[in-house]
Every structure is written in C-alpha cells, then in structure tokens.
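See structure below.
All of the numbers you see were taken from the coordinates with simple rules; none came from a lab. Treat the numbers as computed from the prediction; the structure is a model and nothing was measured. We place every Cβ from the backbone using ideal geometry, glycine too, and count neighbours over all the protein chains shown.
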C-alpha cells in the first residue's frame, strides 16, 4: 500500500481567497517571509520535539491542481480565470528552512521559515501547520511517556482510538521519533519502518473452549514470540497458571523460551509483583511482563514508584491523541516582505496580548552547547546571516528582563534552521527514521534534567541577538507613536 | 483529488497473528459475531452521535492485499504460506449491521455487528474502531457546540490543529453531520460536499501598507462575500472604522451589502456589543459579526449569556480535536460463535469491573418513540429477530435495578441496526450528507431536553428485553459456579 492521497486541496479556503486577491492586486510576485512557531509547550513541559519535516517535503513536492480541482474552484464563481490558469500551472518556487525532525524546540523560535512569492508562501500555511502541529504533539507526548518508563520499552498501541487514519499511521512515525520501541499499527511498519508488534486480543482466548487451549494453540504457532494475554478470566488464578503450564508443555520441549505475558486490566502494579514471583518460581525469570490499559507518563511513573515489575508498557489512546493536551498550537505569521529592490522589510504583528506579538524579520536560530559536557546552554535567535563567533565570549540576555545577562564561554554553536527547499527545489535529504530517533534521544540527553521535569521545569533560554532585539523594539516603539 | 489510500494494512498487527493462528487451528470458517459498542459518553454528555458508516463501507469494499503487502508479511517469518495465499485472494464474506450516521447512540448498545468467518470479522476490528471512534467523537462534540450557539451558525475552522490529514478532512464531514454550517477545509467541500468558506488571515491585512488599503482591496475583489478581519491592529479604533469606510466607499456605490466582520482576539463579548452599535449606526444592521479564537460550547454559552452580539462562530482546535475529551472509547468484542450446526452460542466477557462485562449474543436495538409527540422514550436491546409488538403495552425494566419498571403504551418502534453488508456484498446506500445532517437534527430534536443538558443529563433508558436479560444472567450465574 502506498499513500497516494493528493493533499493539494487540503487547505483553508481563505488561502484561495487571499491568493486570488493578491493576484488581482498585482502582488503575485511580491516576496514574503513567513515563520512557523509555537507559544507554549503542551502540558507546560520544558521542551517540545520537532516532527513532520519529511511529510512537509512530500506534500510540497506533490502540490498539483487537477482539472477537477480547478473546476471545483471555478464553480465557486469568485475566482478570476487568470488566477485559475496560474493554479493549473502551479510550480512551487519558495525557499524553505526547517528545524530537523527530532530536534528539541522551544516557544517563540522559528521552526519553519518560508520565503517566496506571497501567493505561494501563504498557500502552504494550512498543511505546514497541520503536519508539524500534529507530529510534534505526538513526538513530544511519546517522549514524555518514554522518559517516565525509565529505559523500559514503550509500545504505541493507539490506532483504534486515533483521530483518523493518518493520526494512526503518521502518529506512529512521530511516536517513534519520540522514542517508542514500536507500534501495533502494521501499515506504519510497512510505510515508515516503525517496528510493528502484536500477539492476541481477548477474543482469541474467548474463541477457544478454555484459556489453556487458547494459550496452547498460540504457543504452538508462535514458539519464538510467545506473549500471552493473561487477564481474560483471572490473572493470578487462571491466566498465569495456564501460561506456565503451556510454557512447560509446549515451549520447554522445543527448547524455546517464553517472550512474555500481558496484563490489560485490574490493579496492574499489584498483579505484576505476584506474576513476577510466580514466573520466577516456575523457572521463567526471563519472561517479560507487559502492561497496558489507559497508561500515560503519570500512571507509569506511579506504577514504577510503587515497585511494579513491568518490563514493557503498551500505551494507546493517551499517547496517540495526546489526551491530556491534544493540541499543539503552532502558528504561521508574516514576518517580512521584500521591496522592489530586494530589501527585506520586517513586519510585526502587534497584540494587546503581549505573548502574541511576533518577532519580525528573516531569522536563524543558533543553539549554544557547552564544550565541556555538550549540554545545550541556550538558543539565540538572530537575523539570518548573523554569525556567532564561537571563539569569543558571547553575552545572552533575557528579552523581557534585559538586565538578566549571562556571558557564555567555551561553547560551540550550530544553526537549527536548515535549508529544505531552494527556489522550489528540494535540497534536503531526510535521514532514516532510526537515525532521527537516535538523534532525538541524543539531543534530549543533552538537555539539563531541570528542563526535563514534568512539573515546573526550568525555562530554557531562548534569547534574541542584540541586533534582532533592537529591531523588534524599534518597531514596537514606532508603533506606539 | 481523490482519496486513493489503500487502508487494508491499517490494522493492528495482532489481527494478523490471530488470523494466522485461527487459520492454522482450523478455525478459518468458524463463524463469529462481534459487536462494537461504547461504555461512556464523552464529557459525560447524555448521548453521542454515530458517524463513519460511509467510510467503513468504502474501506471494506477496498480491502485488498497487494503483492508488497504479502511480501512485507512474509518478511516477518511467522506467517504460514497457506495463510498468505488466503490473504492474496481475500474476499470479504461477512454480514455487517450498523446504526446509520447521524443517529443518537447510547452506552452499551451495539452500534455495529459483524458476523462471519472469525478470521475476517476479527480483521476489520481496527479500522471499524478507528473510523467510528473518530467520527462519532467529532460529530458529538460539534453537536454540543452547535446546540450552545442556539441557532447561530457554527463554522468548523480547525484543519491547522487537527491530528493529521484525515482528522481534518473526514473530521469536517463528521462535524457537518453534527450540525456545523460549513468548514474552512476546502478538500472536505470538494470530496464530501461540506460547504467551505473563508476570507482572510491577518497576513492579508499586514501585507498592505495600511488596514484601510487591505480592506479596500478585499471589498473590491469580493463585493458580494465581503467579511473583513477587524482585529489586526485595534478593533474599535481602527478595524471597524476602516471596515465601515470601505463598505461606504466600495460596496455602497455598487449596491452591494457587506457580509460581515470577524473578531479573532480580545474580549469578544464586549467588542461585539460595541461593534454592533457602530455598524448599526453606520447603516449596516445586516452586517454579521463573526467570532473566533479558542471557542467551545462552554465559552459560547457564556458569551451569549452575557449578551454578545454574535451571528456566527468559527470554532477550531477545540472542535476538531474534541479537546476537552479527545477519545471516544468504542470497543469491539466477541459476542457469539456458531457451532457446526449453525446454532448460535453466545459468548460473554466477564470482568471484575462490572461495566466491562459484555452483553452476549446476536442482537438488535429497538428505539421506542411516543406516538403523541414522537419523542424517543427508550432503547431496548433484544435478541436478533425478536420483535416488539407496537400494538401492545411493552414493559421495560432497568437491567441493573430490575424492580424499576415502566410500561410503555402508544408507541412505535424502529430497529436501529441496518444491514450494511450481506455475505460480503454491500446492501446499503449511504444517504447524501445533507440528508444525514437533517436526520441527525430531527433525531436530536426528538430527545428530551433533560438528555441534552451539558451537566448532569438524565440517563436515557437503554434496557434489555427479558429474553436477553435472562440469557446474560444465566451466563453470569454459570460463570460463578
């Protein structure tokens, strides 16, 4: 199976009314700069994780209006024929920069920048927001759950409760970047290489005349991957004794070892301790205990605090919908235009609500790391092209409370926004998903523990360069006049 | 654009391990019955709305394993060649019943029943749950918001925050069944006929040298659908005065009337009252005021209670993700099998947790309506084929507290579960989306107001027929022995 869905028309209708209007007003070739950024980490966490760049690239490459699409738009009776002709021959010509998948990201910094004809840069808004908001939400949530599991494997089990098909398929991809070990979603394995796993539902057990027969049949068919669901009737009185009986009768004679048992209901922490002892006593200390049933990072943390003997967690609806906060509020804002002489004119969006004021201009994000321990120290947003000399002390300051300063020495820095498209041509090769997952882990390992707390994390520094700060404040002052 | 995604492989991996196991155990042709049902209405509401049947039908019709799919499965090294051959020639042979889209549904009643070879009936579990859980969630949420708006139009604006592509596209379809007037999502109009609407973003206003020029250009291009976004700078000091100026200068000479103004930030209730007066005084009492910005049913209710002068609501992330409760917890359980003589053997899933005990057997759901006012009185779950004589008094009783009885007279009843597939052949024609939306509205009008409250709604009666109650309790008693 391949995803052959053309997503060109998945766009807010106002993109079309604006494009047609820009076209009519002679702004077809006007160059504009848009930033995608977000204002708050879901669940007030210390950081989020970027995900979805690969799908943005696929989407942009495939932008293409079919004859039916044009006919549909024509039928609305509000679009100029000249504009429809333009769409018929649409060719993407923008430059795009993006922070790579798997990178920890913070509020206020541009994570995608699009530069190009306003009519095009505006058009891609909906899909850029939809794609990055969704995947970053899930990667971030998955990573919280994975960290709560303290090294134990977490499996993504949520397809049946996902918000639609791509929430399941692409959601599993995002969860994998965030660190889950695999998924129950078969197509995500086939399409993206997220390892898929699964054994049995309660219906398997119910269909046989007894739990013992059900386990026996399963073990016979899957001697090397034998994980049995032990809670259809009674975990301790029936499930585990039957499992042990079948391990002894079917696997032992073959020289095979059991893979695990899964508990999907009841007081799992309590049950897991009893199960562990029963399995150990029966000679199966290597038999894993898998837990599932409405888990999330908080419940997993509590279970482990109470000494649950669990080797693997299956996490469903609360991961795949990011149930505790199911929205990643990324926005896409105009930050500059070019005049006829290619001068960049920064644009600012003022708001009564201070957090909604945008940072104007064409920008870059630099991450500063300590040379001694490779920890991330701060991010600095600069004008695009502005450099940070890693060989000199660099003073960062809080953009709100500018008297709060810190001089960083012995650091190296890297630019986070990478070129993805140049004049409409893709110039970025997406790393393999396993590489992204490893990169994500490494980058998060490089964050201070204080930033990684679930409650009251430290606010990671995201500062502006002096040049950018001055630009923003000059514009704010001018606006007040 | 057409949705050409083959969703056959969007299934939990355990469906394959079970299918392969059933196959190996000689259960390939064993007939099983599965019910989909849910246990709790999201947000503790009084009812949910069924949605997604059309997509289930499309999915089932398209089930088809490609050579790549088979090769992928073979590469796992755990599936028998015979089984893979079976998949290669897979032909769906089940019977399916479903409650039609737009029907109010209640906890505990089967909303989909699948009867057929267990290997097939098991296979479709993931997609049935995924599809119905998602769409019913959104239809239910949208309907809450629509009811809070008390007759004012609600537009679905959430694509950019939706959990993936189909959450946006099919989500808009579900929201339309639930009663929204339209969507911002263009492709949902093109594909499903959900009316798409949209005008401008803040970037439109920012791109021009002034708000006035931006409005002027928009009005000139869209004289008959002119809705202006008035909060880029200052609603009362700049947005509304500029809008009125443009209405006077551009629209009036053409004899056109403005469509509306949209407020997307600030204290919208307060601003709407001021705007209303300014527009009325300027001779535009017919100019609508549209409100957007993180709305939901609770905020809308409060705004209207405080006298907000709003004619239309644009609702985004809180609708399209059902933010306050983003999971619809439908499950799919084995309820019966057939023996070799085609006798139906009911199956029950026992649980310590009483709410998780299933209702066994092959069933039908009847809805009883009062003849006098067409209000829905109760649903009665019966054995399939059991009839309810509408000409005789019918006594319903609470399945938990059986002494609570009520005799219904002067009623008519109808069966909710309709045949969708018969021996694998689709026998159901999906009504037009507008018909479904109208049907949904009518059915909800027929519910008592007490069931429609947001807080503490009455529990609508969902009872079992005496025959079904006896079956369930006999099986429970037997299990205890």
Could you list, bin by bin from short to long, the percent of Cα-Cα pairs of the protein assembly as shown in 10 Å steps? 2, 11, 20, 23, 20, 13, 8, 3, 0, 0
Once the range A:355-408 is represented by equal point scatterers at the alpha-carbon sites, with solvent omitted, what log10 I(q)/I(0) does the Debye formula produce at q = 0.22, 0.23 Å⁻¹? -1.02, -1.08
Taking the Cα atoms of chain A, report the difference between the largest and smallest coordinate on each principal axis, in whole Å and largest first. 82, 59, 37
Going 7 Å from Cα along the Cα-Cβ axis for the label, what nanometre distances separate residue B:44 from the same residue across the other copies? 2.3
Helix axis angle, B:125-148 relative to chain B longest principal axis, alpha carbon, degrees: 40
Percent relative contact order of the range A:15-101, based on C-alpha pairs within less than 8 angstrom and at least six residues apart? 38
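Report, as an integer, the average count of C-beta atoms from other chains found within 10 Å of each Cβ along A:327-334.
Partner Cβ neighbours, averaged per residue: 5.
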Sorted from fewest to most neighbouring beta carbons within 10 Å, what does the list A:83, B:247, B:208 look like? B:208, A:83, B:247
Kirkwood estimate for the range A:78-218, i.e. one over the average of 1/r between Cα atoms, Å: 18.5
For the range A:142-181, averaging the sequence separation of alpha carbon pairs under 8 Å that lie six or more residues apart and dividing by its residue count, the contact order in percent is 58
May I ask you to give the average projected area over all directions of the convex hull of the Cα atoms of the range A:199-287, in nm² rounded to one decimal? 5.0
Semi-axis lengths, Å, the range A:250-289, gyration tensor of Cα atoms, sqrt of 5 times eigenvalues: 21, 11, 6
Across bins of 5 angstrom width beginning at 0, how are the C-alpha pair distances of the range B:390-481 distributed, in whole percent? 2, 9, 11, 16, 17, 16, 15, 10, 4, 1, 0
Any chance you could give the angle, 0 to 90 degrees and rounded to 10, that helix A:466-480 forms with the longest Cα principal axis of chain A? 70
Relative contact order as a percentage, the range B:150-320, C-alpha pairs under 8 Å and 6+ apart, gives 26
Distance histogram for the range B:150-320 (every C-alpha pair counted, 5 angstrom bins, percent rounded to whole numbers): 1, 9, 18, 20, 19, 16, 11, 5, 1, 0
Compute the label-point distances linking residue B:80 to its equivalents in the other copies; points lie 7 Å from Cα along Cα→Cβ; give nm, one decimal, shortest first. 6.8
Residue A:401 label points, 7 Å along Cα→Cβ, one per copy: pairwise distances from this copy to the rest in nm, shortest first? 5.7
Using a 10 Å cut-off on Cβ to Cβ distances, tally the other chain neighbours for every residue of A:123-132 and report the average as a whole number. 4
A student asked for the Cα radius of gyration and Dmax of the range B:1-120 in angstrom ought to give 16.8, 50
Please give the Cα centre distance for the range B:220-290 versus the range B:396-463, rounded to the nearest Å. 44
Mind checking the angle between helix B:433-445 and chain B's longest principal axis? C-alpha axes, 0 to 90 degrees, to the nearest 10. 80
Ranked by how many other beta carbons lie within 10 Å on average, peptides A:367-379, B:210-222 from highest: B:210-222, A:367-379
